[in-house]
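Contents: one structure, followed by commentary.
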Amino acid sequence: MSALQAGAAKADITPDLGHNLAGWIDTRPATRRASPILARALALVTAETQIMMITCDLLGMEEDLRKRIENAIQVECGIPPEHLFILPSHNHYGPSVSGSYADSAERTSQETAYIDALVGKLVAAARTATKNLRPALLSVGYGLETIYCRNSRFWRKDGTINWVGKRDKDFARESGPFDPQVGVLRIADEAGGTIATLYNVACHANAAEEDGFTAISWDWVGYASQTIEAALGGEAFFLVGACGNVHPAREGIAQEMGREIGKIVVDAAQRGRHLASAPLEVWRREIVIPARQFDSFDPRQIEMICSQIEEEETRGKVQAIFMRVLESLKGKETPDHVRPLRVLVLGDLAILFVPGECFTEFGLEIKKRSPFAHTFVVESLAESLGYIPTRKAYEEGGYQTAVGARIAPGGGELIMEQALNMLEEIKRRESVRYL
């Protein structure tokens, strides 16, 4: 009998119409519902350790909400915050839970009521997952996706780095890579039935429904999970990979993209190879990342970025918001950031959780240099620093390195090296412990 037990559950967290959607610079009330918005909970338990993973079709999560959920699940399920992984999909068409429309952090009364209900729904899903525990076996597999995900920071014909342009009209040349690897962990019961499928894909969840700017949608991730669950059973958990600069190749393709990626995941899961489940461990290390100071930031960068917005009224509004953000940051001595790096170890699989929108170059390098046989890199967006760009990206400019990047140049490289050092240390200590 397996020493590992696993249980999964699902919760519907769909908001009412009129709720502001996250993922845009300004308010965006939902006018129609294209799909539900869901959360899923996964419990993994051995005699020594228990962890809980919660994924949800949300953009991100502020610290106060994350802590409310952590505290409630600790009381209800006995799982400490260090062993709870809250993982929004970075969905740009789900409900806002932060009120953070660029330079405002005020929540609407609708958002406040939604958040209060959300905490209870996530706790209920976690409780159900722990009640559904049964002996579990693991397998890991891989697929390739080369059609739908692209580095969005291409060089445009006008000599700038792209933000909102279209490849068929503005593209001149690539500025960086994307990560085609799809990593899949299948968790099955001893009869072969699927309990959960975890899939790690490095791409933003903002493909959008056709004509879907104000539609509530789970985006491509939801359609992928739906496809996976229909084929394999169980619950499908999306682990967003290092994709701070990787987006869907075009807009309006959420259903098509999700279903095709879902097929890739199903194939990889069916071809997966057995993975020993021991050890099950969580490792954590707090690191200090230098904060960025904005006194010398050239506001002409904002003008250049916003010039890519074709509609004049929207361009003026967005530029004004960015300028207000810049003014609020100038002359402000920002302390260095302290954030956790966490690693979930499942036998020869290390799942590394990075606190922010990590550029894909870092994810590729970490996987290449990791001492583990299998490594997934996951953006932990409930603990986010914002964008984590490369030094090269800071030199090139563009949207991600403007006022949304709050770490100093070189901070991303520091995070990557700290993560690799941590993986090496874990592997060395495990190699002694489990000889």
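Relative to the first principal axis of the alpha-carbon coordinates of the chain, what is the inclination of helix 411-433, with its axis defined by its Cα atoms, in degrees from 0 to 90 and to the nearest 10?
Its long axis makes an angle of about 10 degrees.
Would you rank 406, 186 by solvent-accessible area, highest first, keeping every protein chain in place and using a 1.4 Å probe?
406, 186
Would you be so kind as to identify which of 411, 293, 269 lies farthest towards the positive end of the dipole of the chain, taking Lys and Arg as +1 and Asp and Glu as -1 on Cβ and the Cα centre as origin?
269
For the Cα atoms of the chain, what angle does the longest principal axis make with the long axis of helix 109-131, in degrees from 0 to 90, nearest 10?
20 degrees
Tell me the accessible surface of residue 170 in square angstrom (1.4 angstrom probe, heavy atoms of protein chains only), to the nearest ten.
So the heavy atoms of residue 170 present about 20 Å² to solvent.
Quick check: the angle from helix 360-369's long axis to the longest principal axis of the chain, C-alpha only, nearest 10 degrees?
Roughly 40 degrees, rounded to the nearest 10.
Under a 5 Å amide H to amide H cut-off, with H placed in plane at 1.01 Å, what residues pair with residue 239 once short-range neighbours are removed?
Long-range HN contacts for residue 239: 199, 200, 201.
Using 0.36 nm per residue of separation minus the Cα-Cα distance, give me the extension gain between residue 12 and residue 75 in nm, one decimal. Each step should come with its number before you reach the end.
Details: separation 63, 0.36 × 63 = 22.68 nm, distance 2.21 nm.
Going from the current span to full extension adds 20.5 nm.
Could you work out Rg/(2.2 N^0.38 Å) for the range 158-208, with Rg from alpha carbons only?
1.87
Using a 7 Å offset from the Cα along the Cα-to-Cβ direction at both residue 391 and residue 300, what is the distance between the two label points in nm, to one decimal?
Here the modelled spin labels are 2.5 nm apart.
Any chance you could list the semi-axes, whole Å, largest first, of the equivalent ellipsoid that the Cα gyration tensor gives for the chain, using √(5λ)?
They are 33, 24, 22 Å, listed from largest to smallest.
Calculate the FRET efficiency for residue 348 and residue 64 from the Cβ-Cβ distance with a Förster distance of 56 Å, rounded to the nearest 0.05.
FRET efficiency, residue 348 to residue 64: 0.90.
Placing +1 on the Cβ of each Lys and Arg and -1 on the Cβ of each Asp and Glu in the chain, which of 44, 128, 397 has its Cα farthest towards the positive end of the resulting dipole?
Final value for the positive-end residue is 44.
Could you check which residue among 41, 231, 242 shows the biggest mean-square fluctuation in a GNM of the chain with a 10 Å Cα cutoff?
Between 41, 231, 242, it is 231 that shows the largest mean-square fluctuation.
Under unit Cβ charges (Lys, Arg +1; Asp, Glu -1), what dipole magnitude, rounded to 20 debye, does the chain have relative to its Cα centre?
The dipole magnitude comes to about 820 debye.
Please report, in Å, the Rg and the Dmax of the range 319-435, where both are computed over Cα atoms only.
Answer for the range 319-435, Rg first and Dmax second: 16.5, 60 Å.
Given the range 257-366, what whole percent of its Cα pairs are spread farther than 20 Å? Walk me through the numbers on the way to the answer.
Details: 4143 of 5995 pairs.
Here the tail beyond 20 Å accounts for 69 percent of pairs.
In whole percent, how big is the carbon plus sulfur part of the accessible area of the chain, probe 1.4 Å, protein atoms only?
Working: 8460 of 17370 Å².
Carbon plus sulfur share of accessible area: 49 percent.
In what sequence, largest accessible area first, do 16, 267 appear using a 1.4 Å probe?
Descending order: 16, 267.
Stokes-Einstein diffusion coefficient for the range 367-411 at 10 °C in a medium of 1.306 mPa s, Rh from the Kirkwood formula over Cα pairs: what value in µm²/s?
It diffuses with D of about 129 µm²/s by this estimate.
The values are calculated or read from the model by the stated rules, or taken from the named source; none is laboratory data. Keep in mind the model is a prediction, meaning the values are calculated, not measured. Every residue, glycine among them, receives a Cβ derived from its backbone with ideal geometry; neighbour counts consider all protein chains shown. Accessible surface is based on the protein model in full, side chains and every heavy atom, while ligands, DNA and RNA are left aside. Shrake-Rupley method; radii C 1.70, N 1.55, O 1.52, S 1.80 Å.
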